[in-house]
Structure formats: C-alpha cells, structure tokens
Amino acid sequence: MAENKLLEFRHISKSFPGVKALEDINVDLYSGEVHILVGENGAGKSTLMKVLSGAYEATSGELYFEGKKIEKNSPRISEALGISMIYQELNLVPELSIASNIFLGHEMRKGPFVDTAAQEKRANEILSEIGVQIDAKTLVKHLSIGAQQMVEIAKALSRNAKVIVFDEPTSSLTDSEIEELFHIIRLLKKRQVGMFYISHRLEELFVIGDRVTVLRDGRQIKTDVISNMTMESVIESIAGRKIENLFPHTRKPAGEPMLEIRNLTGEKFAGVNMTVRSGEIVGVSGLVGAGRSEAARAAFGVDAYQSGEVLVCGQKLPPHNPARANQLGMCLLPEDRKVEGLALALSIRENIVISSLHEMNPNGVIAGRKERQVVQQSIDSLGIATSTMDKLVKFLSGGTQQKVVVAKWLLSHSKVFIFDEPTRGIDVGAKSSIYQLMDDLVSQGAAILMISSDMTEIMGMSDRIYVMSGGSVVGELDSAQANQNDILQLAFSNV
C-alpha cells in the first residue's frame with residue numbers, strides 16, 4: 001500500500017430528523033489502496049460515501065482531500081477533484097454508445113460540435129488500458145451487466161479519477177465477470193487509484209482488500225489491515241455478537257416428496273427433474289443464465305412452460321397457475337423481492353395479509369382487530385424488526401423485507417418454499433437470521449428449494465444440491481460429500 005494519503009474523514013457525523021446516521025467517523029484512504037467498508041444494512045456505509053460525493057452535507061466534522069480541507073462539498077466539486085462513484089444501480093444511458101456514455105457531461109468537441117471520432121478513439125484507448133476488448137461504438141443496451149460496469153469504470157478514468165467508490169459491485173455479476181472486475185481493480189491499484197469498496201460478500205475482503213472498516217449503527221467499530229482479521233472476527237464486529245455458526249442447518253431425516261418437477265421444458269430450460277422432500281433444503285447451483293430461476297418460476301406457474309409436469313404434495317399443478325400453486329401450499333420468494341415479492345408502497349401489515357385476504361375476511365368485510373392480532377403474531381414469531389406494523393415496507397432493510405415475504409406466505413399456510421437468492425444484498429447478521437428461519441421451517445416439516453449463486457451458502461445450507469448448466473440439470477450431489485470444485489466442474493460442463 002502506498003504512503004500517499006488521498007482522503008481523510010475527520011470526526012464526521014450526519015444527522016437526519018430523529019436519526020443519527022453517522023457519529024464521529026475517522027476513516028482515511030491511501031493511493032493504490034482498496035479500503036473495504038462493511039456493516040449491516042443501515043450501518044452508515046452509503047451515508048458516509050454520500051458525504052464524500054457531496055450528495056449529503058455532514059452535520060459536523062471535516063473532509064480532507066490530498067491534504068486540503070474541502071470547505072463546501074457538492075457532487076460537482078467532488079467530481080472535479082477526481083472522486084467517482086460506481087453505484088449498484090448503474091448510471092448509464094442504454095440507447096447511447098459506450099463512447100457517448102463515457103464522455104457524457106464532458107464531451108470532446110470540435111468547435112460547437114461533439115467530436116464523435118475523437119471520443120470513440122479515446123474511449124477505445126481507455127477500455128484497452130483496463131483490458132476490455134469491446135468496440136466503443138457498441139450501444140450500452142447490448143452489453144452484459146459486467147461489461148456495463150467496465151464502462152462505468154472507464155467513465156471514471158475519463159475524468160482522471162483518483163478515488164473510485166464501488167457500491168456492491170459484484171451483486172449481479174457472474175463468477176467470470178467478478179474475476180474480470182478484480183483484475184481491473186488490481187490494475188487500478190498499480191495506477192495509484194484509491195478505492196472504497198462496499199460489499200456484503202465477506203469472502204471478497206480477503207481477495208482484494210488492504211484494510212477494512214466495520215460500521216455498526218452509524219459508529220466506527222474497527223479499522224484494521226486485512227492480515228490482522230479473520231472471517232469470524234469480521235462477522236462478529238459487524239453483527240455485534242458472536243455468531244457461532246453462520247449456517248445453522250443440520251440434516252434431518254427426509255419425509256415424503258412435497259415438490260416433484262418432472263421433465264419440465266421451457267424456453268430457457270429443458271428436461272428439468274427435481275424432487276424436494278419434507279424436512280429438506282435442496283440447493284440449486286449453476287452459472288447465471290443456467291436456467292435456474294426460469295425453471296423455478298415456471299414450476300410455480302409465474303411463467304409458461306412447454307411440457308412436463310409439477311406435483312405439489314402429490315397433486316398435479318396446472319400450468320401457468322400460481323393461484324392454484326398457492327392453494328396447494330407452494331410459494332415463491334423471488335430473486336427481486338422489491339419488484340416481485342412486495343408492494344413497497346404498502347405497510348408491513350398490508351404486505352403480510354395480502355395473500356390471505358379472502359381467507360381472513362370471507363364475507364368481504366375486513367376484520368381489523370383479528371388482522372392486527374395475526375400480523376403481530378407473525379412479527380413476533382419471525383423477529384421482524386419494526387416499531388409498528390404500519391411502517392411502509394420500502395423503509396425496511398433487505399433482511400427485514402425478506403422476513404415480511406416469508407410471513408406473507410406462512411399466513412397462507414405454505415409448506416413448499418422456493419427461495420430464489422434468499423440473501424442477495426442482505427448483511428451478515430440478517431443472513432444468519434434468514435438461515436435460522438429456513439432451518440426452523442424444515443424442522444416443522446416444510447420443504448425448501450433454494451436457488452443461490454453464493455457457493456458458501458449452497459454448501460452450508462443444502463442437504464442435496466442440483467447443478468444446472470445450459471438449461472439442464474447436469475448433476476445431483478450430496479452436500480456432505482460435495483466440494484466447490486465438484487459443483488463448478490458441473491456448472492461449466494454444458495456451457
């Protein structure tokens with residue numbers, strides 16, 4: 001790590017009405033360093049970075065860049081200093097070319113006109129510098145998420161960025177795209193670019209990190225070099241408690257088949273066969289694009305399929321009929337819970353009862369007192385962290401939102417659960433809580449099919465593992481005997 005200090009937060013605090021989001025934060029960044037910020041959702045990571053970007057003004061404290069105090073920050077000032085933000089939701093214009101996106105807002109000109117040829121030439125040079133072999137004339141809408149992220153990095157470099165902030169950069173990337181990103185980050189280190197890196201994937205700390213700062217409830221818990229830390233110590237610092245076993249699932253005797261997927265074939269999958277029994281968590285692993293989510297959505301009835309059949313508790317499920325799937329006791333917790341699993345503009349109470357309105361109110365008259373009693377029981381039993389059931393779901397953390405989705409389906413008497421990426425974007429403390437919830441469900445006789453791109457999650461929580469590649473199931477493994485190499489070999493076998 002270089003000795004040149006680029007940036008320094010001194011005693012930074014930030015308050016909103018009724019909330020102290022940051023309290024006395026002292027963090028610095030050196031050139032050529034990857035400084036990783038970790039913490040639960042709401043810990044203050046994004047707030048701190050918004051103070052850096054000028055989107056928020058600190059309530060108190062000082063910010064120094066290259067030894068000079070920034071008296072009055074703003075997005076324009078931070079950008080002019082060489083500070084670039086790469087958010088989880090990429091900020092690109094799909095209908096424009098790569099070159100146009102890279103120079104958007106600071107176009108190269110020839111007189112009054114944009115010099116398109118010069119922009120494309122320079123864009124190709126920047127892309128080449130970071131090892132990206134894509135023509136800068138290509139429209140962004142034709143790029144993968146991973147390639148779009150490389151365009152964001154090229155955008156930052158076009159502005160001679162000295163500091164780059166990565167906010168959950170790998171959440172939607174394939175394993176190969178993650179490796180490409182890490183390669184580029186190492187190149188940026190050699191160019192003496194300083195980087196803040198926010199991630200819930202703790203294994204990434206030990207691959208690319210130099211130092212780690214742990215935030216909890218707006219306070220700085222620890223800052224240390226990565227060599228002085230272990231996965232266990234990081235988890236304990238984040239959660240504020242010792243998590244003895246992140247994966248609490250223990251194998252139990254499996255019961256009768258509760259979900260049978262037989263020769264299911266659709267547009268992006270073919271001949272899929274899977275069985276999940278009572279008391280089991282069955283993992284589905286594979287690369288992005290392997291057809292895992294598509295097959296699961298078709299099995300539940302969200303999407304149509306061409307042939308095959310699905311049985312829930314021995315009863316055949318008619319195709320493309322999620323309402324019937326729900327009646328038989330099956331539910332889907334989708335990958336994008338905010339778009340497909342929740343009504344963000346509604347309250348916790350309204351989201352929990354939304355799938356059980358007819359059952360709870362058979363005469364069409366809402367029984368308010370009964371409804372609130374049932375919802376409170378759900379909140380208590382699942383440990384949903386909220387001061388009131390009338391709080392809007394959009395204001396909850398990712399882990400708490402996931403619990404609300406589970407509460408909704410439990411209230412409709414679900415017994416077969418399909419979890420699609422159950423902990424994506426969820427902090428480690430909430431992950432532990434979700435894993436315990438899943439273990440509790442199967443202990444009570446439920447069956448869970450879990451789709452996950454997190455290899456440690458698949459290995460830690462599954463009894464059996466199906467591996468999909470190229471739209472087909474290419475192997476079934478007993479998790480007690482399987483290792484990551486076995487899974488990866490199968491995952492790449494049909495690409």
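The values are calculated or read from the model by the stated rules, or taken from the named source; none is laboratory data. Since we're looking at a predicted model, the values are computed, not measured. Don't worry about glycine lacking a Cβ; one is built from the backbone with ideal geometry, like all the others, and counts go over all protein chains shown. Please note that ligands, DNA and RNA were not included when accessible areas were found on the heavy atoms of the full protein model with its side chains. Shrake-Rupley method; radii C 1.70, N 1.55, O 1.52, S 1.80 Å.
Taking the range 1-107 and the helices (runs of 4 or more DSSP H) fully enclosed by it, no element has 3 or more residues that are on the phi > 0 side of the Ramachandran plot, touching a Cys at 6+ places or on another chain (Cβ under 6 Å) and not hydroxyl-bearing (Ser, Thr, Tyr).
Reported count of residues in the range 312-338, each being assigned to a loop (DSSP other than H, G, I, E, B) and buried (at least 16 other Cβ atoms within 10 Å of the Cβ), is 6.
Got a number for residues in the range 164-199 being of a type in the set (S, T, N, Q), under 28 Å from Gly289 (Cβ atoms) and either open to solvent by 50 Å² or more (accessible area, probe 1.4 Å) or at pLDDT 95 or above (or both)?
Here the count works out to 2.
The residues of the range 133-163 that are surrounded by 19 or more Cβ atoms within 10 Å (Cβ to Cβ), under 23 Å from the mean Cα position of the chain (by Cα) and charged (D, E, K, R) amount to a single one, Glu152. Annotation: Gln88 fulfils all but one of (1) open to solvent by 50 Å² or more (accessible area, probe 1.4 Å); (2) among the polar types (S, T, N, Q); (3) more than 21 Å from the chain's Cα centre (by Cα); the unmet one is (3).
Within the option set Val234, Val212, being touching a residue at least 40 places away in the same chain (Cβ under 8 Å), closer than 17 Å to Gly32 by Cα and touching a strand residue (DSSP E or B) at 6+ places or on another chain (Cβ under 8 Å) holds for one residue only, Val212.
Residue pairs whose Cβ atoms lie under 7 Å apart, sitting 6 or more positions apart in sequence or on different chains, and linking a residue in the range 304-325 that is over 16 Å from Thr275 (Cα atoms) and of a type in the set (Phe, Trp, Tyr) to a partner that is open to solvent by 50 Å² or more (accessible area, probe 1.4 Å) and modelled with pLDDT under 95, are Tyr305/Pro319.
With the requirement that a residue be closer than 22 Å to Gly398 by Cβ and in contact with a helix residue (DSSP H, G or I) (Cβ under 7 Å, 6 or more places away or on another chain), what does the range 301-337 give you? Across the range 301-337, the qualifying residues are Val302, Cys331, Leu332, Leu333, Pro334, Glu335, Arg337.
Restricting attention to the range 43-99, the residues that are of a type in the set (Val, Ile, Thr) and in contact (Cβ under 8 Å) with a residue 60 or more places away in the chain total 3. Screening the range 200-234 for residues that are surrounded by 17 or more Cβ atoms within 10 Å (Cβ to Cβ) and among the polar types (S, T, N, Q) and picking the one that is farthest from Leu246 (Cα to Cα) gives Gln220.
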